[in-house]
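The values are calculated or read from the model by the stated rules, or taken from the named source; none is laboratory data. This is a predicted model, so every value here is computed, not measured. Every residue, glycine as well, gets a Cβ built from its backbone with ideal geometry; the counts of neighbours run over all protein chains shown.
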Amino acid sequence: MVPLEPAAIALAAIALFAAFVNGAIGYGFSSLTVPLALTLYTNRILNPAVVIVEVFINFYVLIINLKGVPAVWKRVFPILIGMLPGIGIGAAVLASVQPGWVKFATYTLVLPLILVQAAGWRRPIKSTWLVGLPFGTGLGMLYSVTTISGPPLACPGRRRTAASRRPGWWPP
């Protein structure tokens with residue numbers, strides 16, 4: 001049996017906790033895993049593993065909510081188109097920037113977004129193409145560098161009540 005490093009055991013515990021939260025409220029795996037795991041590993045090591053897990057989680061959520069896709073498709077499509085250049089830019093940033101600066105930027109940018117989301121601040125997007133394209137580009141950059149997308153995705157849209165824990169752009 002191969003001995004496990006303490007960092008690997010800590011990462012497994014962090015991922016288990018994040019998976020528990022994700023199962024309870026529907027999002028938050030990356031928002032919890034990445035900032036804590038960045039204290040143990042660099043983004044270049046962490047991102048591929050988290051992206052693989054996130055792909056399966058997101059595919060599962062898409063299948064569960066397949067009936068709601070037609071209702072939100074017109075609002076989500078500009079964001080998806082905007083994400084394509086953002087992912088490329090973020091991948092270039094991740095390959096060229098030192099890991100210490102990526103950690104600093106992650107904590108500096110994501111912590112306020114998480115606090116804004118927790119405070120319940122939401123703004124509905126009225127012009128989906130005008131706002132969705134640059135928003136998607138920024139979201140793609142953030143996701144490809146940090147694998148975090150939940151806090152910024154939750155900010156645009158309607159206010160959520162305690163009974164509704166869906167993203168702001170999801171139908172009521």
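Results, tabulated for the structure shown:
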{"item": "Condition check for Ile114: in contact with a strand residue (DSSP E or B) (Cβ under 6 Å, 6 or more places away or on another chain) and at pLDDT below 85", "result": "no"}
{"item": "In segment 1-40, residue modelled with the highest pLDDT [restricted to those that are under 17 Å from Val51 (Cα atoms) and hydroxyl-bearing (Ser, Thr, Tyr)]", "result": "Thr33"}
{"item": "Filtered residues of segment 1-16 (kept if out of contact with any helix residue (DSSP H, G or I) (no Cβ under 7 Å at 6 or more places or on another chain) and within 19 Å of Asn58 (Cα to Cα))", "result": "Leu16"}
{"item": "Flag if Asn43 is among the polar types (S, T, N, Q), within 20 Å of Ser96 (Cα to Cα) and modelled with pLDDT under 80", "result": "yes"}
{"item": "Lone qualifier among Ile57, Ile14, Ile64 - being among the β-branched types (Val, Ile, Thr) and farther than 19 Å from Thr146 by Cα", "result": "Ile64"}
{"item": "Positions within segment 41-56 being surrounded by fewer than 16 Cβ atoms within 10 Å (Cβ to Cβ) and either under 26 Å from Lys126 (Cα atoms) or not hydroxyl-bearing (Ser, Thr, Tyr) (or both), in sequence order", "result": "Arg44, Ile45, Pro48, Ala49, Val51, Ile52, Val55, Phe56"}
{"item": "Set Ile9, Ile25: member being touching a residue at least 60 places away in the same chain (Cβ under 8 Å), loosely packed, with under 13 Cβ neighbours inside 10 Å and farther than 22 Å from Val145 by Cβ", "result": "Ile25"}
